[in-house]
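Undergrad: Once you've had a glance at the structure underneath, I'll fire off some questions.
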Amino acid sequence: MLDMVALITERRFGVRIALLGSTGRSGEELVPVLLGRGYELNLLVRDPSKLVAVPDNATVITGSSDSPDVIDELLAGVDVVISALGPDKRDPTLQSRTAEVLIPAMKRHGITRFIGISGEGVDLPGDDKDLVARVVTFGIQRIAGAMVRDKFREYELFAASKLDWTLVRPPRLKQGKATGKITHDAHRATGSSTITRADLAAFIADLIERPNYLQQAPFVAGI
């Protein structure tokens with residue numbers, strides 16, 4: 001992993017990233033941030049009509065994230081994989097099904113680095129949540145229990161994978177400009193109950209270039 005971090009830090013141009021969920025609200029924030037930092041992108045979309053235009057340095061792959069053939073096409077020539085797939089009430093097991101396909105495909109393609117968006121509602125051993133975070137977690141688990149359980153299953157799959165994964169756990173995501181004012185920690189959730197998607201996108205982009213939180217699920221929140 002350190003060799004790949006050195007490559008990315010020294011030479012962003014020519015480094016290709018596969019982005020799942022690229023037309024979702026978080027994915028739409030990530031695309032310009034990643035392109036702005038000089039990365040090339042493979043974008044996975046279910047519905048190409050949601051793309052207003054295909055950006056320069058981007059290749060579009062159409063299909064479902066739990067399709068082995070689609071994922072193989074998505075990962076061709078890729079150095080890093082990022083998932084911005086959001087929860088879907090109509091398909092509450094999508095995250096774990098995607099992980100079950102993605103993990104072996106990454107190994108076949110020789111890709112080690114994965115960064116995904118999980119959620120603050122996922123409780124893990126060693127967590128230290130303040131009162132605000134505990135209240136947020138309680139609400140999330142009550143409202144979206146099936147999707148939270150699937151996010152935990154996704155964590156279990158990556159934890160057993162031996163890949164250099166990071167699953168970022170934000171609180172409620174909101175629209176808005178990047179503020180640069182965030183807090184993050186492997187186990188302590190002490191920020192606000194929200195974060196802008198723009199701030200989350202910048203945090204994820206930073207993780208590409210830094211070997212931080214390898215095989216961990218850090219909390220990140222606005223201040």
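Where a number appears in this text, it was derived from the coordinates with a stated rule and is not lab data. Everything quoted here is computed from the prediction, not taken from an experiment. Cβ placement follows ideal geometry from the backbone for every residue including glycine, while neighbour counts extend to all protein chains displayed.
Undergrad: For helix 197-209, report the angle its Cα long axis makes with the longest principal axis of the Cα atoms of the chain; keep it between 0 and 90° and round to the nearest 10°.
TA: 60
Undergrad: Still on this structure, I have one more. Tell me which lysines have Cα within less than 21 Å of K89's Cα, excluding those fewer than 8 residues away on the same chain?
TA: Result set, ordered by chain and number: K50, K151, K174.
Undergrad: With +1 on each Lys and Arg Cβ and -1 on each Asp and Glu Cβ, and nothing else charged, work out how big the dipole of the chain is about its Cα centre, in Debye to the nearest 20.
TA: 540
Undergrad: Still on this structure, please answer the following. Helix 94-109 versus the longest principal axis of the chain: what angle, 0 to 90°, nearest 10, using Cα atoms?
TA: Approximately 40 degrees, to the nearest ten.
Undergrad: Have a look at the DSSP beta bridges in the chain and tell me what percent are antiparallel, nearest 5. The partial results should precede the final answer.
TA: Working: 4 of 33 bridges.
For the chain, the DSSP antiparallel bridge percentage is about 10.
Undergrad: Still on this structure: Could you state the number of Å between the C-alpha centres of the stretch 140-158 and the stretch 16-84?
TA: Their Cα centres are 24 Å away from one another.
Undergrad: Roughly how compact is the chain, stated as its Cα Rg over 2.2 N^0.38 Å to two decimals?
TA: On the way: Rg = 16.2 Å, N = 223, 2.2 N^0.38 = 17.2 Å.
Compactness ratio reported: 0.95.
Undergrad: Using 0.36 nm per residue, how much length does the chain from E156 to A186 gain when fully extended, once their Cα-Cα distance is taken away? Intermediate results must be reported in sequence, preceding the final value.
TA: Details: separation 30, 0.36 × 30 = 10.80 nm, distance 1.63 nm.
The E156-A186 span can extend by a further 9.2 nm.
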